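In what follows, a structure is listed as C-alpha cells, so that the remarks can point back to it.
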Amino acid sequence: MLLRHRTLVRTAMGVAALSAVLLTACEPTTVPTKPGTQRVLVLGDSIPSWLIKDGTKTINQATTTLVDGTLEACDGARSNPPARAVTGKVVPTPAACAKGWPSMYPPYLKIRPDVAIVMTSTHAMLDHQLDGTWRHPCHAPAHAWYQNDMAARLAYLKSHAGRVVVVLPAWPGTNSGWIMPKDSVKRADCVRADIRAAARTAGVTAIDFGAYLCPDGPSACKPWRTKDGMHIDPVRAPSALGWVTGTAMQTGADAATSAVTAQPVTTTSSTTTSTTTTTTSMPVPTAPSTTTSSTSTTTSAPPPT
C-alpha cells in the first residue's frame, strides 16, 4: 500500500513538472528585472536563440536584463505561411509559430521592454506559399507580403516598447546548401531590402548583422558558421551577441543617426523655407538572374578583433 502511494505521488509530481514545462513554453512568464537595468527583449528565430544560449556571458547583468523571446524554426510572420527548403520539402515549424507574431509577441511585452530587438528573416529567404502559389522571395508578391508583415510587427512593437531595433540578417554561408538554394545571396538581398523598407515605414532603427559578419561582402564572410552556414559557432557567440545587443542599445538610444529613420532637416531664412532628407532611396531587387549584393545604408560596426 505504501509503495503504491509513493508511486502515485511520484507520478503526480512528474505530471505537474511536465505541465509546468508546457506552460512555460506556451505562456512566457514576466521576467524579474533588477532596478536600474535596461530591459532588452530579443525576438527572433534560432539564429538569436543560439546566440543567447551560447553567448550570455557577455551580458552585464548589473546593467541589463536580457529577455529571450526567440522561437527556433520560426520567423514569426503572421499566419506562418508554408516555406520549402532546397529539397522541395516543406520546412516544419513548431505549433507556437502557427499564428505568428500577433500571438507570439504580446506575452513578452507585459514588462514594456526598454529595447525590443527583432532578429529573424533567415526563414524568409526560402520560397513561401502565398495565396496557393509558391513564391521566390524576390518575386513582387513575396516582397509585398514580407515587407508589409515586418512593417506591421515593428509598428506594433513601437507602441509597446521604449525603442525598437530590427536586425538585417547576414547572407547564408557557403555550407548552407542543406536548406538554402544556390541563389541564397540574391534571396538574402531581397529580404534585406524588404526589412530596410519596413524599418523606414515604421520609423525604427535597423542595424546590419551582415556587415558585421561579412565586412568584405557576402562572398567573404568570416568563417564563424562552420556547422551549418547559418548559426554562429558557440565560441563566437559571446562576441556576436554582444555586438547585437550593444549596437542595438546604442543606436536605439540615438535613432536620429540611423539612415533608415532619417528625419527631414528644415532650414529657414527670412524669405524661403527648404526641406531635405538624408535617406537615399534604394531599388528593390527583382526576380533572380545573377548573384549580386545590395549596399546597406543602415548602422553597422566593425567586428571584434
Practice problem: Could you pull out the pairs from K186/K222; K89/K158; K57/K99 whose alpha carbons sit more than 28 Å apart here? | Solution: K89/K158; K57/K99
Quiz prompt | For segment 165-173, 3J(HN,Hα) per residue [Karplus equation, 6.51 cos²θ - 1.76 cosθ + 1.60, θ = phi - 60°, Hz, x = Gly/Pro] | solution = 10, 10, 9, 6, x, 7, 5, x, x
Practice problem: For each of S184, S176, count neighbouring Cβ atoms within 10 Å of the residue's Cβ, then give the residues from fewest to most. | Solution: S176, S184
Exercise. Based on the mean of other Cβ atoms within 10 Å per residue, sort peptides 235-242, 100-107 so the most packed one is first.
Key: 235-242, 100-107
Practice problem: Rank-order 192-198, 158-164, 124-130, 143-149 by packing density, defined as the average count of other C-beta atoms within 10 Å over each peptide's residues, highest first. | Solution: 192-198, 124-130, 143-149, 158-164
Quiz item: What is the local net charge at R112, summed over the other residues whose Cβ is closer than 15 Å to its Cβ (Lys, Arg +1; Asp, Glu -1)?
Solution: +3
Practice problem: Based on other C-beta atoms within 10 Å, arrange D233, D183 from fewest to most. | Solution: D233, D183
Exercise. Within 10 Å, count the other beta carbons around each residue, average over each peptide in 217-226, 88-97, and list them highest first.
Key: 217-226, 88-97
Quiz item: Over segment 30-276, what lengths in whole Å, largest first, do the semi-axes of the equivalent ellipsoid take, defined as the square roots of 5 times the eigenvalues of the alpha-carbon gyration tensor?
Solution: 28, 23, 19
Quiz item: In a shell of Cβ-Cβ distance under 14 Å around T65, excluding T65 itself, what net charge do Lys and Arg (+1) and Asp and Glu (-1) give?
Solution: +2
Self-check item: Proxy reagent accessibility, fewest Cβ within 10 Å first, across K186, K57
Solution: K57, K186
Exercise. Determine ³J(HN,Hα), in whole Hz, for all residues of segment 125-141 in sequence, where each value follows from phi through the Karplus function 6.51 cos²θ - 1.76 cosθ + 1.60 and θ = phi - 60°; x replaces Gly and Pro.
Key: 6, 7, 5, 10, 8, 10, 6, x, 10, 6, 10, 5, x, 8, 6, 3, x
Practice problem: Go from 0 up to the bin containing the longest alpha carbon distance in segment 165-257, width 10 Å each, and give me the % of pairs per bin. | Solution: 16, 45, 32, 7, 0
Quiz item: Sequence-distant or interchain residues sharing an amide H contact under 5 Å with V166, placed H: which?
Solution: V118, T205, A206, I207
Quiz item: Around D131, what is the net charge, scoring Lys/Arg as +1 and Asp/Glu as -1 over all other residues with Cβ under 15 Å from its Cβ?
Solution: 0
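The numbers here are math on the coordinates, done by the rules we state, and not lab data. Everything numeric in this text was worked out from a predicted model, so none of it was measured. Please note: Cβ atoms are built from the backbone with ideal geometry, for glycine as well, and neighbour counts cover all protein chains shown.
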